[in-house]
Amino acid sequence: MADTGNTATLTLATSALTVAIDRITIGGETRETLEDSDLTTTNYKTYLPGDLREPPTLTISYFFDQSDSSFPSGATAAELATVTFPLKSGEGTAATYTGTGFIVDPHGDIEVANNELMKGTLIFKCDGKTTEPTFTAGSA
């Protein structure tokens, strides 16, 4: 059964992230396609899957506070990101999504408008190296 994202968290192993998170988007893992159409192909081009997948990007939307000076620096060192999903009824362990990577953009777009709370985005790119992106289901 579907649930809301309320109580989900994001932890970065070395960057201090103290913002109030509004939304976490885990991007898809894409695979390139290789066209193998030849002169006998009719109607549609034909394709084969590429060898490697592109690791996902995590986009974190947060409530922007212009007085907050604790934004992560976007250092180039890889770190582990862990998204912990809300604990579902009957579970003792929540589902997680983990992967190593680095902050690509520590401040992202900052939205400032009338009658709306200010928001910013932080972009984290999984690197597919030390800890490949992994979803672990919750359990009882």
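The values are calculated or read from the model by the stated rules, or taken from the named source; none is laboratory data. All figures in this text were calculated on a predicted structure; none of them were measured in a lab. Note that we place each Cβ from the backbone using ideal geometry, even for glycine, and neighbour counts take in every protein chain shown.
Observations
- Checked against the criterion of being touching a Gly at 6+ places or on another chain (Cβ under 9 Å) and assigned to a loop (DSSP other than H, G, I, E, B), the candidates 61, 15, 37 yield just one match: 15.
- Matching option when the condition is on the phi < 0 side of the Ramachandran plot, of a type in the set (A, V, I, L, M) and over 11 Å from the mean Cα position of the chain (by Cα), among 83, 104: 104
- Consider segment 94-130 and keep the residues that are among the β-branched types (Val, Ile, Thr) and buried (at least 17 other Cβ atoms within 10 Å of the Cβ). The one that is farthest from residue 23 (Cα to Cα) is 100.
- For segment 107-138, a residue qualifies if it is within 17 Å of the chain's Cα centre (by Cα) and in a loop (DSSP other than H, G, I, E, B), and the qualifying residues are 107, 108, 109, 127, 128, 129, 130, 131, 132, 133, 137.
- In segment 69-86, the residues that are farther than 15 Å from residue 57 by Cβ and part of a loop (DSSP other than H, G, I, E, B) form Cβ pairs under 6 Å with partners that are at pLDDT below 95 and β-branched (Val, Ile, Thr), at six or more places apart or across chains, as follows: 70/18; 72/103; 86/7.
- Residue 91, sole failed condition from (1) more than 19 Å from residue 133 (Cα to Cα); (2) of a type in the set (Asp, Glu); (3) under 17 Å from the mean Cα position of the chain (by Cα); (4) surrounded by 14 or more Cβ atoms within 10 Å (Cβ to Cβ): (3)
- Check on residue 3, in contact (Cβ under 8 Å) with a residue 12 or more places away in the chain and either in contact with a His (Cβ under 7 Å, 6 or more places away or on another chain) or not aromatic (Phe, Trp, Tyr) (or both): yes
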